[in-house]
Amino acid sequence: MSDAFTVLWTHDTCRALRKAGRVGERPPVAFSGVHSSLPAWSGARAGDEVYALHVNRREVFVVSRMRVVDVERRDCCGIAPAAWEDPAYPGHGDWSMLGADGCGAEAVHVDATPVRFDVAVPGDLLASLAWRNRRGQTRGLKYVVDGRLQRSVGLQGFYRLTSESADELAELVDGTAP
(Lines give C-alpha, C1' and ligand atoms only; values in the text may rest on other atoms or scores of the structure.)
Protein backbone atom coordinates (compact mmCIF):
# COMPACT_ATOMS: atom_id res chain seq x y z
CA MET A 1 0.00 0.00 0.00
CA SER A 2 1.31 3.44 -0.87
CA ASP A 3 1.77 6.24 1.65
CA ALA A 4 1.20 9.97 1.41
CA PHE A 5 3.43 12.72 2.73
CA THR A 6 3.54 16.49 3.01
CA VAL A 7 6.44 18.79 2.25
CA LEU A 8 6.49 22.54 2.83
CA TRP A 9 7.61 24.72 -0.05
CA THR A 10 8.98 28.02 1.24
CA HIS A 11 8.12 31.53 0.10
CA ASP A 12 11.43 31.63 -1.80
CA THR A 13 10.60 28.42 -3.65
CA CYS A 14 7.10 29.54 -4.54
CA ARG A 15 8.29 33.01 -5.56
CA ALA A 16 10.86 31.37 -7.86
CA LEU A 17 8.16 29.14 -9.38
CA ARG A 18 6.01 32.18 -10.14
CA LYS A 19 8.93 34.23 -11.46
CA ALA A 20 10.01 31.39 -13.78
CA GLY A 21 6.46 31.04 -15.13
CA ARG A 22 5.97 27.51 -13.79
CA VAL A 23 2.41 28.08 -12.54
CA GLY A 24 0.15 25.71 -14.49
CA GLU A 25 3.02 23.40 -15.40
CA ARG A 26 3.65 19.90 -14.02
CA PRO A 27 6.99 19.46 -12.29
CA PRO A 28 8.76 16.32 -13.54
CA VAL A 29 11.14 16.28 -10.61
CA ALA A 30 11.59 17.44 -7.03
CA PHE A 31 14.68 17.20 -4.87
CA SER A 32 15.49 15.53 -1.60
CA GLY A 33 18.54 16.43 0.45
CA VAL A 34 20.66 15.59 3.44
CA HIS A 35 20.89 19.13 4.83
CA SER A 36 18.20 20.96 6.78
CA SER A 37 17.89 23.46 3.92
CA LEU A 38 16.20 20.77 1.81
CA PRO A 39 13.74 18.21 3.21
CA ALA A 40 14.89 14.60 3.00
CA TRP A 41 12.20 12.52 1.34
CA SER A 42 13.11 9.59 3.56
CA GLY A 43 10.58 6.82 3.49
CA ALA A 44 9.09 7.82 0.13
CA ARG A 45 8.92 5.02 -2.41
CA ALA A 46 7.63 4.69 -5.95
CA GLY A 47 3.85 5.10 -5.95
CA ASP A 48 3.72 7.27 -2.84
CA GLU A 49 2.06 10.68 -3.03
CA VAL A 50 3.58 13.90 -1.76
CA TYR A 51 1.52 17.04 -1.20
CA ALA A 52 3.58 20.20 -1.62
CA LEU A 53 2.14 22.78 0.77
CA HIS A 54 2.67 26.51 0.99
CA VAL A 55 1.68 28.89 3.79
CA ASN A 56 0.76 32.43 2.84
CA ARG A 57 -0.82 34.88 5.28
CA ARG A 58 -1.71 32.06 7.69
CA GLU A 59 -3.54 30.14 5.00
CA VAL A 60 -2.29 26.74 3.80
CA PHE A 61 -2.38 25.89 0.09
CA VAL A 62 -1.79 22.63 -1.77
CA VAL A 63 0.58 23.70 -4.54
CA SER A 64 0.95 20.30 -6.21
CA ARG A 65 0.29 16.62 -5.60
CA MET A 66 3.23 14.53 -6.76
CA ARG A 67 3.29 10.77 -7.21
CA VAL A 68 6.83 9.42 -6.80
CA VAL A 69 8.04 7.60 -9.92
CA ASP A 70 11.60 6.85 -8.79
CA VAL A 71 14.52 8.28 -6.84
CA GLU A 72 17.33 7.52 -9.26
CA ARG A 73 19.42 9.73 -11.50
CA ARG A 74 18.27 9.35 -15.10
CA ASP A 75 19.47 10.58 -18.48
CA CYS A 76 17.00 13.49 -18.20
CA CYS A 77 18.98 14.78 -15.20
CA GLY A 78 21.99 15.59 -17.37
CA ILE A 79 25.58 14.70 -16.75
CA ALA A 80 26.80 14.44 -13.16
CA PRO A 81 28.92 17.40 -12.06
CA ALA A 82 32.66 17.05 -12.52
CA ALA A 83 33.50 19.87 -10.12
CA TRP A 84 31.74 21.49 -7.18
CA GLU A 85 30.78 24.59 -9.16
CA ASP A 86 29.02 22.60 -11.91
CA PRO A 87 25.22 22.38 -11.75
CA ALA A 88 24.09 19.17 -10.06
CA TYR A 89 21.15 18.51 -12.41
CA PRO A 90 21.59 20.52 -15.62
CA GLY A 91 18.77 18.60 -17.31
CA HIS A 92 16.30 19.94 -14.77
CA GLY A 93 17.42 23.56 -14.80
CA ASP A 94 13.85 24.73 -15.37
CA TRP A 95 12.89 23.22 -12.01
CA SER A 96 16.09 23.91 -10.07
CA MET A 97 14.16 26.12 -7.61
CA LEU A 98 12.76 22.93 -6.10
CA GLY A 99 16.16 22.21 -4.61
CA ALA A 100 18.55 21.04 -7.32
CA ASP A 101 21.39 23.03 -5.78
CA GLY A 102 20.68 21.91 -2.21
CA CYS A 103 23.34 20.17 -0.16
CA GLY A 104 23.41 16.52 -1.22
CA ALA A 105 20.37 16.97 -3.45
CA GLU A 106 18.95 13.85 -5.07
CA ALA A 107 16.42 13.88 -7.88
CA VAL A 108 12.99 12.46 -7.15
CA HIS A 109 11.11 11.96 -10.41
CA VAL A 110 7.41 12.59 -10.03
CA ASP A 111 4.13 12.57 -11.90
CA ALA A 112 2.54 15.77 -10.59
CA THR A 113 -0.51 17.94 -10.83
CA PRO A 114 0.09 21.43 -12.22
CA VAL A 115 1.60 23.99 -9.87
CA ARG A 116 -1.10 26.31 -8.56
CA PHE A 117 -1.63 28.63 -5.65
CA ASP A 118 -5.42 28.68 -5.37
CA VAL A 119 -6.21 25.39 -3.61
CA ALA A 120 -6.62 26.52 -0.01
CA VAL A 121 -6.99 23.95 2.74
CA PRO A 122 -10.24 24.81 4.55
CA GLY A 123 -9.85 25.66 8.23
CA ASP A 124 -11.83 22.66 9.48
CA LEU A 125 -9.71 20.30 7.39
CA LEU A 126 -6.52 22.05 8.50
CA ALA A 127 -7.47 21.51 12.13
CA SER A 128 -8.17 17.81 11.54
CA LEU A 129 -5.07 16.89 9.50
CA ALA A 130 -2.92 14.23 11.16
CA TRP A 131 0.46 12.66 10.52
CA ARG A 132 1.86 9.35 11.77
CA ASN A 133 5.39 8.30 12.51
CA ARG A 134 6.98 4.91 11.82
CA ARG A 135 5.81 3.60 15.18
CA GLY A 136 2.20 4.44 14.31
CA GLN A 137 1.86 7.38 16.70
CA THR A 138 -0.20 10.23 15.31
CA ARG A 139 -0.03 13.97 15.78
CA GLY A 140 -2.14 16.87 14.67
CA LEU A 141 -1.11 20.31 13.58
CA LYS A 142 -0.44 22.80 16.36
CA TYR A 143 -1.07 26.52 16.14
CA VAL A 144 -4.35 26.35 14.21
CA VAL A 145 -6.58 29.15 15.49
CA ASP A 146 -9.94 29.87 13.90
CA GLY A 147 -8.99 27.79 10.85
CA ARG A 148 -5.77 29.68 10.23
CA LEU A 149 -2.20 28.57 10.85
CA GLN A 150 -0.40 30.85 13.29
CA ARG A 151 3.02 29.15 12.98
CA SER A 152 4.21 26.83 10.21
CA VAL A 153 6.78 24.92 12.26
CA GLY A 154 4.60 21.77 12.28
CA LEU A 155 4.72 21.61 8.48
CA GLN A 156 8.45 22.17 8.09
CA GLY A 157 9.88 18.84 6.99
CA PHE A 158 8.72 15.71 5.23
CA TYR A 159 5.95 13.92 7.13
CA ARG A 160 3.77 10.85 6.54
CA LEU A 161 0.03 11.57 6.59
CA THR A 162 -2.54 9.28 8.14
CA SER A 163 -4.61 7.52 5.49
CA GLU A 164 -7.69 9.57 6.46
CA SER A 165 -5.85 12.87 6.04
CA ALA A 166 -4.35 11.68 2.76
CA ASP A 167 -7.86 10.85 1.49
CA GLU A 168 -9.14 14.28 2.53
CA LEU A 169 -6.31 16.10 0.77
CA ALA A 170 -6.85 13.94 -2.33
CA GLU A 171 -10.54 14.90 -2.36
CA LEU A 172 -9.59 18.56 -1.99
CA VAL A 173 -7.15 18.44 -4.91
CA ASP A 174 -9.47 16.35 -7.11
CA GLY A 175 -12.49 18.49 -6.30
CA THR A 176 -10.80 21.73 -7.32
CA ALA A 177 -9.20 20.51 -10.52
CA PRO A 178 -9.72 23.00 -13.37
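Exactly one of these conditions fails for W84: (1) under 19 Å from the mean Cα position of the chain (by Cα); (2) assigned to a loop (DSSP other than H, G, I, E, B). Give me its number.
Of (1) under 19 Å from the mean Cα position of the chain (by Cα); (2) assigned to a loop (DSSP other than H, G, I, E, B), only one is false for W84: (1).
Right, V62: of a type in the set (A, V, I, L, M), under 21 Å from L8 (Cβ atoms) and free of Cβ contacts under 8 Å to residues at least 60 places away in the same chain or not?
no
Does at least one position in the range 102-123 carry a residue that is farther than 19 Å from L17 by Cα, surrounded by 14 or more Cβ atoms within 10 Å (Cβ to Cβ), touching a helix residue (DSSP H, G or I) at 6+ places or on another chain (Cβ under 7 Å) and in contact (Cβ under 8 Å) with a residue 24 or more places away in the chain?
Within the range 102-123, one or more residues are farther than 19 Å from L17 by Cα, surrounded by 14 or more Cβ atoms within 10 Å (Cβ to Cβ), touching a helix residue (DSSP H, G or I) at 6+ places or on another chain (Cβ under 7 Å) and in contact (Cβ under 8 Å) with a residue 24 or more places away in the chain.
Condition first: touching a strand residue (DSSP E or B) at 6+ places or on another chain (Cβ under 8 Å), surrounded by fewer than 16 Cβ atoms within 10 Å (Cβ to Cβ) and not polar (S, T, N, Q). Now tell me which residues in the range 135-145 satisfy that. Walk me through how you get there before you give the answer.
As a first pass, look at the range 135-145 and keep what is touching a strand residue (DSSP E or B) at 6+ places or on another chain (Cβ under 8 Å): 138-141, 143.
Retained after the next criterion (residues that are surrounded by fewer than 16 Cβ atoms within 10 Å (Cβ to Cβ)): 138-140, 143.
Hits for the range 135-145 are R139, G140, Y143.
When only residues in the range 1-15 that are in a loop (DSSP other than H, G, I, E, B) and not small (G, A, S) count, which is surrounded by the most Cβ atoms within 10 Å (Cβ to Cβ)?
Kept after step one, since they are in a loop (DSSP other than H, G, I, E, B), are these residues of the range 1-15: 1-3, 9-10.
Add one more test, that the residue is not small (G, A, S), and what stays is 1, 3, 9-10.
Numbers: M1: 5, D3: 18, W9: 23, T10: 13.
Per the criteria, the residue is W9.
Among the residues of the range 23-45, what is the count of those that are at pLDDT 95 or above, of a type in the set (A, V, I, L, M, F, W, C) and farther than 17 Å from V173 by Cβ?
Total meeting the criteria: 1.
Just checking, which of L98, L17 is at pLDDT 95 or above, within 19 Å of L155 (Cβ to Cβ) and touching a helix residue (DSSP H, G or I) at 6+ places or on another chain (Cβ under 7 Å)? Let's see the steps before the verdict.
Numbers: L98 fails: at pLDDT 95 or above.
Exactly one of L98, L17 is at pLDDT 95 or above, within 19 Å of L155 (Cβ to Cβ) and touching a helix residue (DSSP H, G or I) at 6+ places or on another chain (Cβ under 7 Å), namely L17.
Residue by residue, here is whether (1) under 15 Å from the mean Cα position of the chain (by Cα); (2) acidic (D, E); (3) assigned to a loop (DSSP other than H, G, I, E, B); (4) surrounded by fewer than 18 Cβ atoms within 10 Å (Cβ to Cβ) holds:
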residue	(1), (2), (3), (4)
L17	yes, no, no, no
A30	yes, no, no, no
S37	yes, no, yes, yes
A44	yes, no, yes, no
A52	yes, no, no, no
S64	yes, no, no, no
V69	yes, no, no, yes
R73	no, no, yes, yes
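The values are calculated or read from the model by the stated rules, or taken from the named source; none is laboratory data. Predicted model only: the values in this text are computed from it and were never measured. As a convention, Cβ positions derive from the backbone with ideal geometry for all residues, glycine included, and neighbour counts pool all protein chains shown.
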